[in-house]
Amino acid sequence: MSLSLTANLRRCLARNKTFTRCISSSSSSDPQNKTTSFGFQTIPENAKETMVKNVFDSVASKYDLMNDAMSMGVHRLWKDQFVGDLKPGRRGPMKCIDVAGGTGDIALRILDFARENYADRETSVEVVDINDQMLKEGYQRFKKTMYHNTSQISFHEANAQSLPVEKFLDNSYDLYTIAFGIRNVTSIPAVLEEAYRVLKPGATFACLEFNRVDNPILGTLYDQYSFHIIPLLGTILTGDRSSYQYLVESIRKFPSQPDFAKMIRDAGFATGKDVDGAAWTNLWGGVACVHTGVKI
């Protein structure tokens, strides 16, 4: 099969996924019986959005502290590497969308990287989050920066699974980022399909997420830290053990690196081979991982 034919086939499949999903949903005898995971719990699918919102309402004001606890502070270095490897601004101003990015830390890194490395003051980022409390934290962060009240930054409350088409147009963004957010959604495939829809052909999807540790010894140590220390820190730092327990469990329920790479391809993106350094890049042995795909 020729490369152009393969690309066209993937595009057609991606466009038809939403229709196929609707047909499948309508044929279900009782949609209320559909379930999904909330950490290690199995819950009705239509309940997850509210339950996740309650978690992030609880932790919004201490979100960075939460990530410090979950990564021993290393999440800041991971985010620096995540943005640095994408090199926003290298090929000129970019229109970016940062989804589940309410607190604005990825958006700020994108704008700073473009400005500091390429003297780019035209790259822009639209921050999207389903949680208004997280967006308020991000807005407050940007009030302290040079980007406040400029066209380079904007904040939008929206669902990553169904971005409003009148606002988030087809084929309109050069870069789509999502960091430590996709594991909390109800339908990962729906988010990937929306990412594919809004990106321009040739544009990049990039995801930073906690993932599967590939070293057994490190994995054992990380499990001990995750299930015993992180919830305790949640209790001490925020008085909220249950939210931190969910966040730890949600990491274990997230697909493995090869499985998530396949989901990205199923949405229509092209990826590298299913090895570390190609379709994904492990950070700290897979404690976190960067996945990328290109819209074809």
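The values are calculated or read from the model by the stated rules, or taken from the named source; none is laboratory data. What you see is a predicted model, and the numbers here were worked out from it, not measured in a lab. In this analysis, Cβ positions are derived from the backbone assuming ideal geometry, glycine residues included, and neighbour counts consider all displayed protein chains. Surface areas here come from the heavy atoms of the whole protein model, side chains and all, with no ligands, DNA or RNA. Shrake-Rupley method; radii C 1.70, N 1.55, O 1.52, S 1.80 Å.
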Practice task
Report, ordered by the first and then the second residue, all pairs with beta carbons closer than 6 Å, sequence separation of six or more or different chains, a first member in the stretch 234-249 that is open to solvent by less than 60 Å² (accessible area, probe 1.4 Å), and a second member that is among the hydroxyl-bearing types (Ser, Thr, Tyr).
Solution key: Gly234/Tyr244; Asp240/Ser58; Ser243/Ser58; Val248/Ser226
Exercise for the section: Please identify the pairs in which a residue from the stretch 55-77 that is among the aromatic types (Phe, Trp, Tyr) has its Cβ atom under 9 Å from the Cβ atom of a residue that is not in a helix (DSSP H, G or I), counting only partners at least 6 apart or on another chain. Expected result: Phe56/Gly102; Phe56/Asp129; Phe56/Ile130; Phe56/Asn131; Tyr63/Gly102; Tyr63/Thr103
Exercise for the section: Scan the stretch 226-266 for residues that are hydroxyl-bearing (Ser, Thr, Tyr), in a helix (DSSP H, G or I) and at pLDDT 90 or above and jot them down. Expected result: Ser250
Practice task
Return the pairs, sorted by first residue and then second, in which the second residue is among the charged types (D, E, K, R) and surrounded by 14 or more Cβ atoms within 10 Å (Cβ to Cβ), the first residue lies in the stretch 213-232 and is over 17 Å from Cys289 (Cα atoms), the beta carbons are less than 6 Å apart, and the residues are 6+ apart or on different chains.
Solution key: Pro231/Arg241
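Wholly within the stretch 20-104, which helices (runs of 4 or more DSSP H) include no fewer than the required count, namely at least 2 residues that are at pLDDT 85 or above, open to solvent by less than 40 Å² (accessible area, probe 1.4 Å) and within 19 Å of Ala179 (Cβ to Cβ)? Give the steps one after another, and end with the answer.
On the way: elements: 45-59, 63-71, 75-86.
Result: 75-86.
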Completion exercise
Within the stretch 212-233, the residues that are surrounded by 14 or more Cβ atoms within 10 Å (Cβ to Cβ), over 20 Å from the mean Cα position of the chain (by Cα) and farther than 14 Å from Ala69 by Cα are Asp214, Asn215, Leu218, Gly219
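Of the residues Glu122, Glu137, which single one is in a loop (DSSP other than H, G, I, E, B) and open to solvent by 50 Å² or more (accessible area, probe 1.4 Å)?
Glu122
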Exercise for the section: From the list Leu163, Leu108, Leu175, pick out the single residue that is open to solvent by 20 Å² or more (accessible area, probe 1.4 Å) and of a type in the set (A, V, I, L, M). Expected result: Leu108
